[in-house]
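Engineer: Once you've had a glance at the structure underneath, I'll fire off some questions.
The values are calculated or read from the model by the stated rules, or taken from the named source; none is laboratory data. What you see is a predicted model, and the numbers here were worked out from it, not measured in a lab. No Cβ is skipped: glycine too gets one built from the backbone with ideal geometry, and neighbour counts run over all protein chains shown. Surface areas here come from the heavy atoms of the whole protein model, side chains and all, with no ligands, DNA or RNA. Shrake-Rupley method; radii C 1.70, N 1.55, O 1.52, S 1.80 Å.
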Amino acid sequence: MTRELFNKSTELLEAILAGHQPADQQMQKYFREQRSLGMRERGFIAETVYGCLRHKRLVEHVFANPTPFASDRVGAYLVSAQGWSVRALLDAGYPGDAKNLVVRIRETDKNTLPEAVRADLPDWLYDRLATQLGPQETLKLAEALNRPAPVDLRVNTLKAKRDEAAARLQEQGYASTSMPYSPFGLRRAERVPLFKTLAFQEGLIEIQDEGSQLLGILLEPKRREMVVDFCAGAGGKTLLIGALMANTGTLYAFDTSAKRLENIKPRIKRAGLDTVRAIVIDNERDRRVQNLNGKIDRVLVDAPCTGLGTLRRNPDIKWRTFDMAHVTSLQTRILAAAAKLLKPGGRLVYATCSPLREENEDIVEQFLAQHPTFTLLPPASILARRNIPLNYDPNEKTLRLYTHLHNTDTFFAAVMQRAN
């Protein structure tokens, strides 16, 4: 079985490196075609492939070759991360020089490597982060982003309290602990499928990173308000906002992808929400958006971004090429369009899952310079008001969540209010 798993890990990694689909989509497709694989086998393959993607830069450095074979990448990961020996590699059918590979890996002193290689980041990303955070902090962040994420859950407060949902999971053998910050968050260290649990099927829980939950809290939606989730995506924040509104008022979920919004519908039903209006829009200037100008109480803009703050779950992202001018232009346009929706006194939350200043502070500063009726609200005061035990600097005008400091995905958020 070890030989088969090694070969299948190599096969899947080759497909991901050669293809244009995100790694998670490619992996889902592969496993659908490999129906004979059990849960343990799938877990081994997924962990191995993601490990290879996380440490792609280091492996290439060890081989002194930017394009080592997929089998070399798999072998290097299993030696460095799982402690495999020469014998284990040979038994698994590794086609290269097993002894040479093990020696190379074990003799590599990471402390002597170039900083970007130690961080397992491309040069462009390392340079940007080092400029923002400094080399030492960048390395700490990179190390955290290169570790697998825990399984974060949000309890649907429309249907259960946190301890009730935890008890329901425990009944089926899935222990969890309360999150440190989110009042309705649960966490599991072990990654196992929870979609077949009664707690999930009955709508008591959803999969959602703790940082993402905090973004919804910053919006502070109230009952019977009109609220817009401008870039709804998979709908996690939409469901959270609906629960915070106690299933009252009207909640618009906008997105340019009909497929994404269609996928939200069963989640809305399972959550017990009937106030969500999912609307496919062509772009931020869509007439269906403009019809709501000046009528909305609160808007969340979880802007399309590089997604570099989610590398724990999506390590392939850091090896993509980004057109940053296009990304930031879209963010700027969406934020300006979203601001027009607000009533006087309304609240706007702009957020990304990116650590890059050009997607975050630069966008917000430019927006505020062009929209003098908007002012920043310090996030620390909102978190304190909502009893969130995050010791955040009250002088900070925006929220920064870092993976190595908060054990969340890396997020940015700016809370702005329109003058009355």
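Engineer: Can you tell me, using C-alpha contacts under 8 Å and at least 6 residues apart, the relative contact order of region 306-376 as a whole percent? If you can, show how the numbers build up before the last one.
Structural biologist: On the way: 42 pairs, mean separation 26.1, N = 71.
Computed value for region 306-376: 37 percent relative contact order.
Engineer: Starting with the highest mean, order 349-360, 153-164 by the number of other Cβ atoms within 10 Å, averaged over the residues of each peptide.
Structural biologist: Working: 349-360: 23.6, 153-164: 19.6.
The peptides rank, most packed first, as 349-360, 153-164.
Engineer: Tell me, what ³J(HN,Hα) does each residue in region 300-317 have, in order and in whole Hz, if you take phi through Karplus 6.51 cos²θ - 1.76 cosθ + 1.60 with θ = phi - 60° and put x for Gly and Pro?
Structural biologist: 9, 10, 8, 5, x, 8, 5, x, 5, x, 10, 4, 4, 9, 10, x, 5, 4
Engineer: Post the alpha-carbon centroid distance, region 1-79 to region 295-369, in whole angstrom.
Structural biologist: Centre-to-centre distance over Cα atoms comes out at 32 Å.
Engineer: Extension gain residue 376-residue 313, at 0.36 nm per residue separation less the Cα-Cα distance, in nm?
Structural biologist: 19.6 nm
Engineer: I need to check one value: relative contact order of region 297-420, counting alpha carbon pairs closer than 8 Å and at least 6 residues apart, in percent. Mind dumping the intermediate values first?
Structural biologist: Numbers: 210 pairs, mean separation 40.3, N = 124.
Relative contact order comes out at 33 percent.
Engineer: Additional query: Let me have the 222 nm mean residue ellipticity of the chain computed from DSSP H runs of 4+ only, each contributing -39500 (n - 2.57), with the sum over all residues rounded to the nearest 500. Walk me through the numbers on the way to the answer.
Structural biologist: Details: 20 runs with 196 residues, N = 420.
Estimated from H runs of four or more residues: -13500 deg cm²/dmol.
Engineer: Amide H of residue 250: which non-local residues (sequence gap of 5 or more, or other chain) have their own amide H closer than 5 Å, using H built in the peptide plane?
Structural biologist: 225, 226, 227
Engineer: Pick from 48, 398, 373: which residue has the top mean-square fluctuation in a GNM of the chain where Cα pairs under 10 Å get a spring?
Structural biologist: Result for the chain, Cα springs under 10 Å: 373 fluctuates most.
Engineer: Next question. I'd like to know which of 151, 178, 76 lies farthest towards the positive end of the charge dipole of the chain, counting +1 on Cβ of Lys and Arg and -1 on Cβ of Asp and Glu.
Structural biologist: Going by the charge dipole, the pick is 178.
Engineer: Based on the Cβ-Cβ distance of residue 109 and residue 82, what FRET efficiency does E = 1/(1 + (r/R0)^6) give at R0 = 25 Å, to the nearest 0.05?
Structural biologist: Numbers: r = 20 Å, r/R0 = 0.80.
Given R0 = 25 Å and the Cβ-Cβ separation, E is 0.80.
Engineer: Also: Residues of the chain: accessible area per residue at 1.4 Å, in Å²?
Structural biologist: Working: 19330 Å² over 420 residues.
So the chain comes to 46 Å² accessible per residue, rounded to a whole number.
Engineer: Now for a different question. From the phi of every residue in region 34-50, what ³J(HN,Hα) in whole Hz does the Karplus formula 6.51 cos²θ - 1.76 cosθ + 1.60 yield, where θ is phi - 60° and glycine or proline is x?
Structural biologist: Computed from phi, the couplings for region 34-50 are 10, 5, 6, 6, x, 5, 5, 5, 4, x, 4, 5, 4, 5, 5, 5, 5 Hz.
Engineer: With each label point set 7 Å from Cα along the Cα-Cβ vector, what nm distance links residue 207 and residue 171?
Structural biologist: 2.3 nm
Engineer: Report relative contact order for region 7-143 in percent, whole number only (criteria: Cα-Cα under 8 Å, sequence separation at least 6). Intermediate results must be reported in sequence, preceding the final value.
Structural biologist: Numbers: 101 pairs, mean separation 28.4, N = 137.
Reported relative contact order: 21 percent.
Engineer: Quick one: how many Å² of residue 212 are accessible to a 1.4 Å probe, rounded to 10?
Structural biologist: Roughly 10 Å² of residue 212 is accessible to a 1.4 Å probe.
Engineer: Rounding to the nearest 20 debye, state how big the charge dipole of the chain is about its Cα centre with +1 on each Lys and Arg Cβ and -1 on each Asp and Glu Cβ.
Structural biologist: Details: 59 positive and 49 negative charges, 267 e Å.
Approximately 1280 debye in magnitude.
Engineer: Here's something else I'd like to know. Taking a probe of 1.4 angstrom, what is the accessible area of residue 176 in Å², to the nearest 10?
Structural biologist: Near enough 30 Å² of accessible area.
Engineer: Same structure again: At a 1.4 Å probe, what is the % contribution of carbon and sulfur to the accessible area of region 291-420?
Structural biologist: On the way: 2540 of 5190 Å².
About 49 percent, which is the carbon plus sulfur part of the accessible surface.
Engineer: What accessible area, in Å² to the nearest ten, does a 1.4 Å probe give for residue 177?
Structural biologist: Its accessible surface works out to 80 Å², give or take rounding.
Engineer: Excluding same-chain residues fewer than 8 positions from residue 161, which lysines have a Cα within less than 22 Å of its Cα?
Structural biologist: Reachable lysines: 196, 222, 237, 269.
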